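Please read the structure below before turning to the comments.
The values are calculated or read from the model by the stated rules, or taken from the named source; none is laboratory data. Because the structure is predicted, anything quoted here is derived from the model rather than measured. Methodologically, a virtual Cβ is constructed for each residue, glycine included, from the backbone with ideal geometry; neighbour enumeration extends over all protein chains shown. The area values use the complete protein model at the heavy-atom level, side chains included, leaving out ligands, DNA and RNA. Shrake-Rupley method; radii C 1.70, N 1.55, O 1.52, S 1.80 Å.
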Amino acid sequence: MSDQVQTKIPEKKVRLIEAAVRLMLRHGYAATSVDDICAKAEVTKGSFFYYFSSKEEICLAAMEAWAGYWLGIMDEAGFDRIPDPLDRVEHLFKVMEGAYLNPDVDPGCMIGTVAQECSLPSEKFRAICEAHLEFWKVNTSRLLSEAKAAYPPHTDFDADEVAWWLCSFVQGTLLIAKTQSDRAIVNSNIKHCRAYVMSLFDRKESAA
């Protein structure tokens, strides 16, 4: 989890953000208090309010840290080193497996957790969650569009729509995984999702 937060910021602030991510991912926003975060981070309440004005503010920082964690995973995945665009799409599922089956991170998504709890009562949280998920959709849609251009499908599809479907699949799978004693559902769902997405393309129809 330490990779989720940039280490250039003060060490106590890093610990507070990491604690907020862990606690909110496991217990949710409403059930996580400032006292809980301070205890988990082993930081005084005075230090908390030195860095953050409220639980809302640290939640926003935790969401940014989570988004940065995922960006780091994507950067390390080396998509730009994979020449075939359809192989890049397939590689996305391998990256998802590594991230969502990571035993060191509780199942779930920080953005999805906050969106589920806070989007309706808070326009601010709704807009921020929307922006994070839109960013995920845009990058996934780009991978799908590049594969579609190289391997024109027999049946046309909208890359944005499939990317949103993938986002929905991820959020739903992680939600169900929280109710299971293990993450077998994550593994099997990714397998079926990969099979469906790859079936959208036909390598025999390669434009190359």
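Numerical summary
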item	result
Condition met for Val197 (loosely packed, with under 15 Cβ neighbours inside 10 Å, farther than 25 Å from Gly28 by Cβ and not basic (Lys, Arg))	no
Subset of segment 174-194 [β-branched (Val, Ile, Thr) and exposed (fewer than 12 other Cβ atoms within 10 Å of the Cβ)]	Thr179
The one condition in (1) without any contact (Cβ under 8 Å) to a residue 40 or more places away in the chain; (2) surrounded by fewer than 17 Cβ atoms within 10 Å (Cβ to Cβ); (3) of a type in the set (Phe, Trp, Tyr) that Phe135 fails to fulfil	(1)
Residue in segment 49-69 that is of a type in the set (Val, Ile, Thr), under 21 Å from Cys118 (Cα atoms) and free of Cβ contacts under 8 Å to residues at least 60 places away in the same chain present	yes
Any hit, segment 120-137, residues being part of a helix (DSSP H, G or I), small (Gly, Ala, Ser) and in contact with a Leu (Cβ under 9 Å, 6 or more places away or on another chain)	no
Complete set of residues in segment 174-208 that are outside any helix (DSSP H, G or I), in contact with a Pro (Cβ under 8 Å, 6 or more places away or on another chain) and of a type in the set (Asp, Glu)	Asp202
So Ser145, is it polar (S, T, N, Q) and under 23 Å from Ile58 (Cα atoms)	no
Set Val105, Val43: member being open to solvent by less than 60 Å² (accessible area, probe 1.4 Å), assigned to a loop (DSSP other than H, G, I, E, B) and more than 18 Å from Leu175 (Cβ to Cβ)	Val43
Flag if Ala19 is modelled with pLDDT of 95 or more and open to solvent by less than 20 Å² (accessible area, probe 1.4 Å)	yes
Some residue of segment 166-173 being open to solvent by 60 Å² or more (accessible area, probe 1.4 Å), of a type in the set (S, T, N, Q), free of Cβ contacts under 8 Å to residues at least 24 places away in the same chain and assigned to a helix (DSSP H, G or I)	yes
